[in-house]
Amino acid sequence: MRPILRAAKDEYATAPEQSARKYGDIATRMEDAGFRGHATVLRERQLEALQAAEARDHAADLAARLAAEALHAGDRHEPRRLAGLLDELARKAEEAELQQAPDPTARTNHPHGR
């Protein structure tokens, strides 16, 4: 598992989506082995890598899952932090969508002169 963890760390800056996938794989192994605390730390790293990759949908899914797990465990602080992150992800997604939308005031060149 150490080589995969090392690769996930190394890939974070250059290939954050691959890094996130590796962190997720290791976290799943840790969960399956009963090491929930270690898995949670790795899920946080996965979440950071997803954000770095601008994979907002996947990041939001993971943040919501982590918030639900924290609530189930009786934690009140972590779900609030993650709710703030979800707000931020939603805002960034909206901004990206607006940047990609065509300008409604721009004139188009219609082939028939309309």
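The values are calculated or read from the model by the stated rules, or taken from the named source; none is laboratory data. Since this is a predicted model, take the numbers as computed values, not measurements. Every residue, glycine among them, receives a Cβ derived from its backbone with ideal geometry; neighbour counts consider all protein chains shown. Heavy atoms of the whole protein, side chains included, go into the accessibility calculation; ligands, DNA and RNA do not. Shrake-Rupley method; radii C 1.70, N 1.55, O 1.52, S 1.80 Å.
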Which condition breaks for ALA90 when tested against (1) surrounded by fewer than 19 Cβ atoms within 10 Å (Cβ to Cβ); (2) closer than 23 Å to ARG2 by Cα; (3) of a type outside the set (Lys, Arg)?
(2)
Restricting attention to region 26-37, which residues are surrounded by fewer than 16 Cβ atoms within 10 Å (Cβ to Cβ) and at pLDDT 95 or above?
THR28, ARG29, GLU31, ASP32, ALA33, GLY34, PHE35
Would you confirm whether any residue within region 22-45 is within 18 Å of the chain's Cα centre (by Cα) and under 25 Å from GLU97 (Cβ atoms)?
no
Filter result (within 17 Å of PRO79 (Cα to Cα) and open to solvent by 50 Å² or more (accessible area, probe 1.4 Å)) within region 46-57
GLU48
